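The values are calculated or read from the model by the stated rules, or taken from the named source; none is laboratory data. Since this is a predicted model, take the numbers as computed values, not measurements. Cβ: placed from backbone, ideal geometry, glycine included. Neighbour counts: every protein chain shown. Just so you know, the surface numbers come from the protein's heavy atoms only, side chains and all, with ligands and any DNA or RNA stripped out. Shrake-Rupley method; radii C 1.70, N 1.55, O 1.52, S 1.80 Å.
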Amino acid sequence: MTPLLSVQGLTKRYGRHVGCLDVSFDLFPGEVMGIVGESGSGKSTLLNCMAGHMVPDAGRVMFDTRTEGPVDTVAMAEPARRMLGRTDWAFVHQHARDGLRMGVSAGGNVGERLMAVGARNYGAIRTAAGDWLERVEISVDRIDDRPGTFSGGMQQRLQIARNLVTGPRLVFMDEPTGGLDVSVQARLLDLLRGLVRKMGLSAVIVTHDLAVVRLLADRLMVMKDGRVVEAGLTDQVLDDPQHGYTQLLVSSVLQV
Amino acid sequence: MGKAIIAIEGLSKTFTLHNQGGVVIEVMRGAALTVGPGECVGLVGASGTGKSTLMRMVWGNYLAAAGRIVVGDLDVAQAAPCEIIALRRRTLGYVSQFLRVVPRVATVDVVAEPLLTLGVDEAEARGRAMALLSRLNLPEALWSLSPTTFSGGEQQRVNIARGFVHPCPALLLDEPTASLDARNREVVLGLIEEAKARGAAILGIFHDEGARARVCDRLVDVADFAPAAA
């Protein structure tokens, strides 16, 4: 099986400081990969380099495109990478405000993505937007409201709808449940799990929350000081951690 | 008896505690056993001898230090994560003592999930989940609620339903009757007997001696795999 995403030797430095160093892994279709580590461990840098938001100093990010097979997206021309970002990739930001257009209605936020990939029929776009609002459990009555009038959890669900409406194959998520109340988190986790399963999505999720990765991720990478110190099946890394740092991380979680 | 569905040989386990002076604890050495189709093998031995550790190595959430753990055609001890994920979806089921679920998800959906993952139609998956919950005497009023607030016995029945809803060729059972009353214990033993009858290979831990005597064809004492005895 060809990996959907193959990251090879990805490195990013900020001057003398290491962002991420020589990170390699394969992600297969339908798989969810979690990346955990403390603040400053390099997990967000890695995510941004993979998603094309940052230019890595070294390494390749091979993506299995629909038409040409595996292509190095780092070396790709900017317009082609942007198109990939609209059609095959999605990026869910920690703060919904960074991923939404706050001056545009909820329906507009979702419809805009469709228009970016060529949809022109207003009725069809509005219908698709309404359908997606329902899928993320936002009442269609709110289609003309701006996201600023939504709660944090609703904004996050709207951001997910905006991202998934174009039927991407790979979703990057940066702390998708961070900053939300735990009850809202649970609903979002259930929603994400359902969408991953129904759409056959692959996802890379960066978080510092081990409970979130246990429930969402098939595989896990643990980062420290820009390096991957341990990787494996999620429950194996959490239940039988091999690296001292992972052991410390797992044993530091407060039990409820 | 056909070819073994679960075959373990030369299996060892060590834990290295990096944050406690790098102490290496060897907990198991040279473990070996097989489970054939339609067979139920019970793991016995005092607490702390490694029954659960052995089960977890088969499930793949504990890493083996050495040895082979073949389930179906896959050596779990050497397999890549994606191979273990596929094995768990189709071939290997596990009823653990803990229920780990997304909070606020309805019980019926928790039980139906393994089928949905396999691509079974939603209505059929939910129908099969409901039939099993009903057989396990879980009141219908609870089906639409999250199991996180259920009693120990109720959670265990949800776990059992989730483990039995897809007919896996191999099944791991960690004390499946521990907190059940007589009537529900009987239902679970019936499920185990049916799984054996359809040819499933079962590896289980049963502290309930009556249950063990009824469903286990053989017993394996994990004390034989203690490093000191090897």
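Structure data summary
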item	result
A:Leu46 vs. criteria part of a helix (DSSP H, G or I), of a type in the set (A, V, I, L, M) and out of contact with any helix residue (DSSP H, G or I) (no Cβ under 9 Å at 6 or more places or on another chain)	yes
Sole residue being modelled with pLDDT under 95 and closer than 20 Å to B:Leu173 by Cα, chosen from B:Thr149, B:Thr91, B:Thr49	B:Thr49
Hits in segment A:222-240 (condition: open to solvent by 20 Å² or more (accessible area, probe 1.4 Å) and at the interface with chain B (Cβ under 9 Å from one of its Cβ atoms))	A:Ala231, A:Asp235, A:Asp239
Leading residue by the ranking (nearest to the other protein chains (Cβ to nearest Cβ)) among those in segment B:62-110 that are polar (S, T, N, Q) and touching a Phe, Trp or Tyr at 6+ places or on another chain (Cβ under 9 Å)	B:Ser96
Lone qualifier among B:Pro81, B:Pro103 - being open to solvent by 30 Å² or more (accessible area, probe 1.4 Å) and within 28 Å of B:Leu191 (Cα to Cα)	B:Pro103
Enumeration of residues in segment B:209-220 that are assigned to a loop (DSSP other than H, G, I, E, B) and surrounded by 18 or more Cβ atoms within 10 Å (Cβ to Cβ)	B:Cys216
Single unsatisfied condition, B:Asn61 versus (1) assigned to a strand (DSSP E or B); (2) surrounded by 20 or more Cβ atoms within 10 Å (Cβ to Cβ); (3) under 17 Å from the mean Cα position of the chain (by Cα)	(1)
Segment A:25-48 residues that are farther than 14 Å from A:Gly232 by Cβ and open to solvent by less than 30 Å² (accessible area, probe 1.4 Å), paired with ones that are hydroxyl-bearing (Ser, Thr, Tyr) and in a loop (DSSP other than H, G, I, E, B) (beta carbon under 7 Å, 6 or more apart)	none
Any hit, segment A:171-183, residues being among the acidic types (Asp, Glu), touching a residue at least 40 places away in the same chain (Cβ under 8 Å) and buried (at least 20 other Cβ atoms within 10 Å of the Cβ)	yes
Residue within segment B:132-140 that is surrounded by fewer than 20 Cβ atoms within 10 Å (Cβ to Cβ), in contact (Cβ under 8 Å) with a residue 24 or more places away in the chain and in a helix (DSSP H, G or I) present	yes
Residue pairs meeting the criteria (Cβ under 7 Å; at least 6 apart or on separate chains; first β-branched (Val, Ile, Thr), in segment B:95-109; second crowded, with 21+ Cβ neighbours inside 10 Å and assigned to a loop (DSSP other than H, G, I, E, B))	B:Val95/B:Pro176
The listed residue being surrounded by fewer than 18 Cβ atoms within 10 Å (Cβ to Cβ), more than 9 Å from chain B (Cβ to nearest Cβ) and outside any strand (DSSP E or B), out of A:Val250, A:Val213	A:Val250
Search result, residues across segment A:83-130 that are without any contact (Cβ under 8 Å) to a residue 24 or more places away in the chain, open to solvent by 50 Å² or more (accessible area, probe 1.4 Å) and not in a loop (DSSP other than H, G, I, E, B)	A:Met83, A:Asp98, A:Met115, A:Tyr122, A:Ala124, A:Arg126, A:Thr127
Pairs where the first residue, in segment B:16-37, is within 12 Å of chain A (Cβ to nearest Cβ) and in contact (Cβ under 8 Å) with a residue 24 or more places away in the chain and the second is open to solvent by less than 50 Å² (accessible area, probe 1.4 Å) and part of a strand (DSSP E or B), C-beta under 6 Å, 6+ apart	B:Val27/B:Lys13
Subset of segment A:23-61 [among the acidic types (Asp, Glu) and within 14 Å of another protein chain (Cβ to nearest Cβ)]	A:Asp26, A:Glu31
Candidate set from segment A:131-152 (those that are crowded, with 19+ Cβ neighbours inside 10 Å and part of a helix (DSSP H, G or I)); member that is modelled with the highest pLDDT	A:Pro147
All positions within segment A:218-256 that are within 17 Å of B:Val76 (Cα to Cα) and small (Gly, Ala, Ser)	A:Ala231, A:Gly232
